[in-house]
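Input: a single structure, listed below in C-alpha cells.
The values are calculated or read from the model by the stated rules, or taken from the named source; none is laboratory data. Bear in mind that the values here come from a model prediction, so they are computed numbers and not experimental data. Ideal geometry is used to build each Cβ from the backbone, glycine not excepted, and the neighbour counts take in all protein chains shown.
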Amino acid sequence: MSWQAEGSRVIFKRTVVLIGALCVLTVLLFARMFYLQVIEGAKYRTLADKNRISLRHLPPVRGLILDRNGQLLALNRKTFTATFMPENSPEKIDDVLKKLSLLLPISDSEKTRIVKDASKVRPFMSVRLKDDVSFDEMSAIQLNIPDLLGVSIDESRIRVYPAKEYAAHVVGYVQLPAEADIIKDFMKMPEVRLGKTGIEQAYDDQLYGTIGSQRVEINAFGRDVRLLETQKAVNGENLQTTLDVRLQKIGLDALGEQTGSAVLMNVHTGEILMMVSTPSFDPNIFNAPLPDALWKSLNNNPKHPLVNKAVQGLYSPGSLFKIVVALAGLEGGDITSASRVNCTGALQVGNNVFHCWRRDGHGVESLKDALQHSCDIYFYQMGQKVGVDKISQMAAKLGFGAPTGVGIVGEKSGLLPSREWKRREKDDEWRIGDTVNLSIGQGYLTATPMQMLQMMARVVNGGKAVRPTLIKPKGPPVFESLGFNPYHLALIRKGLSAVVNEKGGTAYHVRFDSHGQKMGGKTASTQIRRISAKEREEGIKPQSQLPWKERDHAFFAAYAPENKPEYALIVAIEHGGGGSLTAAPIASQIMRKALELKREDEGKK
C-alpha cells in the first residue's frame, strides 16, 4: 500500500502547485485589469473615442472681393462637385472610375490624379472626382447611384471673376493646393482652394475664413451612426479694394496688343485705382486643373502673360530717373534754376564718349529745358557734379531699391547701386562712367513700374512719402514729409509740365485740355542693345526696323491735373521703341478718360 500513499502525496503536491499557479495568474490578471481600467482608464477611453468618433472638416465660404464702387471682382457661384469616399464603397477606385467614365468625361490624366489622391487621403475623407458638374451630368450620376457606391454629388462653390482678363493680375486667382501647400488635413478636401496670385494670395487668410468641424460617431465598419457635435465654419472677410473696374477696362484696352503695364494712383492717399498688365488672361480657367497644352502655352509664352509686370517687371528707368538727379542736385545745392549746359550731342568722359539721344545736340539747356527736351548731356554733366552718393540717397528717399509694399506677393525690389554695392557685389570701385550711366537711369540701376510711379507721386504731391495700397483705407492716411524744399519741387514740376504742354517737349503731341485740366509728365526710353560707333556713323536704325526683342523699352510717367495733381500714372511698354512714340499716347488716353470719369462721378452726387 506504500506505493498508493506515495502516489497520493504526488497528486496532492501537484494539485497544490496548480492551485498556487492559478491563484498567481488570477492575481496578475486582476492587477492588469485594475491597471488598464483604473490607472490607464482615461488614456484608453480616449483611444476608444478616436476609434468610434470621426472628425470632419467644414469649409468656410470664401470672402468676396469688390472694387471701390462695390462692383464684384471675385465671387462664389454655387455648383456641384462629384466626390468619392473610400469608406463608403466596397469597390476599388479603378472599378468605380470605369463605371463613372460612362457618365462623365474623365481624361486619362484626371484618372491618374484621382487614383493618386485616393491613395493618400484617409478613408473618411472625400476624393474630388470632377468640379463644376453640369445639371445633366449630376442627374445621370444620381440615377445610377446604386451602382456607384461611395460616389456622391455635393453642393459646392466655385470662384468666379466677372472682370475676367481686365483684372486678372491684380485680383489674382485661386487654385487647388499644390503638394507643397498641403500642411493640414483639411487642405486635402475637394472644396479647398488657395489664393495663388494677386490679392487672392496676399489676403488669403482673411478671405478664406476659419474651418469648421463635425464630430460624427461611427461603427466598427466606419459607417456614420450619429452626429455628436458641430462647430460652424466662419466665412471669410469681404475685401473692398481701391480699384475701379471701369478704369481697369480703360487701361487694358488702351494697352491693346502691347506688352507691358499701366498703373494709376491717387498721389495723396496712395490708392491704386488701376493696375493692368499685358498680355492678360482669364483667371476663371484656373477653377479646374489646366490641360497641359494650355498651361504650356501660358507658361512658355515669351511675353509672359502670367507675370504682373507692374510689380515684377524690372527695367532701367531711363530718363524718368533724371527727376531724381535733378532733385538731388537742387536739394544738395549743386544745381540751380540758372545752371546751364551746352549740349553738342556728345560728351567725352575719360576714354569714353557718351551721346545724347539727339545726334546734333540741344544747344544751351537749363534745368527746365533739359527736362522738357530730355537732354542727356545736361544730366551727364550734372550727374557728375552731384555725385553717386547724393543721387543714391535721393533715389532711396523716393522709393527705389525697396518694394513699395503695395500688397502683391512677389513684388520685386529692383537694384539701386552705390559705391558700397559695387565694392561688395562686383569687387570693384565705383567709376565716373558708372555715375554718367546712372545719371540717365541706366547702367546697373533697375526698378519696377510701381517704383517709378511712387517716385512721381512723391515729387508732385508736395514731397509726402506716399505708399501705394490696394485695400480701401478705413480713414484718411497720413504720410510723413520727406523734407524737400517746395521751391525745388516747383522747378521740377515746371519742367515736367513743359514736357507735355510746351512746343519742343518730348510729349507735346499728346497734350490735352479736358475742361481746363492738363497733364504733366516725363518720357523715357531705355536701350536694350549696344549701338556701335560704326552704326552711329552710318545712321542708327529706326526702332521699327529692329526685331521686337531689340527695340528700346518705352515709359511715360504722368500726373494730372497739372496745376493741382491728384493722379499719377505710369505706362511701361516692353520693346515699345520709345517713350514719346508708344507710351505717351497710351498714358494720355488713360489719364484723359480717368479725369472725365471723375467729373462724371462728381456730377452724379
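Residues that are under 28 Å from Gly576 (Cβ atoms) and small (Gly, Ala, Ser) within the range 279-298 comprise Ser280, Ser297, listed in sequence order.
For the range 400-433, taking the residues that are surrounded by 16 or more Cβ atoms within 10 Å (Cβ to Cβ), more than 24 Å from Lys385 (Cβ to Cβ) and small (Gly, Ala, Ser), the one that is modelled with the lowest pLDDT is identified as Gly407. Of the set (1) small (Gly, Ala, Ser); (2) surrounded by 24 or more Cβ atoms within 10 Å (Cβ to Cβ); (3) within 18 Å of the chain's Cα centre (by Cα), all apply to Gly251 but (3).
Listed here are the residues, each with its yes/no results for (1) farther than 30 Å from Glu596 by Cβ; (2) over 27 Å from the mean Cα position of the chain (by Cα); (3) part of a loop (DSSP other than H, G, I, E, B); (4) outside the structural domain of Gly332 (by TED's automatic domain parsing).
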| position | (1), (2), (3), (4) |
| --- | --- |
| Val466 | no, no, yes, no |
| Pro473 | no, no, yes, no |
| Phe484 | yes, yes, yes, no |
| Ala490 | no, yes, no, no |
| Arg493 | no, yes, no, no |
| Leu496 | no, yes, no, no |
| Ala524 | no, no, no, no |
| Phe555 | no, no, no, no |
| Lys564 | no, yes, yes, no |
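Of all residues in the range 178-222, those being at pLDDT below 85 and aromatic (Phe, Trp, Tyr) number 2.
Just one of the numbered conditions (1) part of a loop (DSSP other than H, G, I, E, B); (2) among the small types (Gly, Ala, Ser); (3) crowded, with 22+ Cβ neighbours inside 10 Å is not true of Ser280: (3).
Here is a yes/no grid of residues against (1) farther than 24 Å from Ala402 by Cα; (2) surrounded by 17 or more Cβ atoms within 10 Å (Cβ to Cβ); (3) of a type in the set (Val, Ile, Thr):
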position	(1), (2), (3)
Ile285	yes, no, yes
Trp295	yes, no, no
His304	no, yes, no
Ala310	no, yes, no
Glu331	no, yes, no
Val341	yes, yes, yes
Gly345	yes, no, no
Gln348	yes, no, no
Gly361	yes, yes, no
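Every residue in the range 355-386 that is assigned to a strand (DSSP E or B) and either among the aliphatic types (A, V, I, L, M) or within 16 Å of Val324 (Cβ to Cβ) (or both), please. Correct list: Val364 only.
So that you can scan it fast, the table gives a plain yes or no per residue for (1) part of a loop (DSSP other than H, G, I, E, B); (2) under 24 Å from Val160 (Cα atoms):
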{"residue": "Glu257", "(1), (2)": "yes, no"}
{"residue": "Asn284", "(1), (2)": "no, yes"}
{"residue": "Ser297", "(1), (2)": "no, yes"}
{"residue": "Glu331", "(1), (2)": "no, no"}
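Kindly indicate which of Leu273, Leu264, Leu290 is part of a loop (DSSP other than H, G, I, E, B) and of a type outside the set (Asp, Glu).
Details: Leu273 fails: part of a loop (DSSP other than H, G, I, E, B); Leu264 fails: part of a loop (DSSP other than H, G, I, E, B).
Among Leu273, Leu264, Leu290, only Leu290 is part of a loop (DSSP other than H, G, I, E, B) and of a type outside the set (Asp, Glu).
All of Pro542, Pro585 fail the test of being without any contact (Cβ under 8 Å) to a residue 24 or more places away in the chain and surrounded by fewer than 18 Cβ atoms within 10 Å (Cβ to Cβ), apart from Pro542.
Okay, residues lined up against (1) in contact (Cβ under 8 Å) with a residue 12 or more places away in the chain; (2) buried (at least 24 other Cβ atoms within 10 Å of the Cβ); (3) touching an Asp or Glu at 6+ places or on another chain (Cβ under 9 Å):
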{"residue": "Met450", "(1), (2), (3)": "yes, yes, yes"}
{"residue": "Gln454", "(1), (2), (3)": "yes, yes, no"}
{"residue": "Val466", "(1), (2), (3)": "yes, yes, no"}
{"residue": "Phe484", "(1), (2), (3)": "yes, no, yes"}
{"residue": "Glu502", "(1), (2), (3)": "yes, no, no"}
{"residue": "His515", "(1), (2), (3)": "yes, no, yes"}
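The single condition from (1) more than 26 Å from Gln312 (Cβ to Cβ); (2) not in a loop (DSSP other than H, G, I, E, B) that Asp427 fails is (2).
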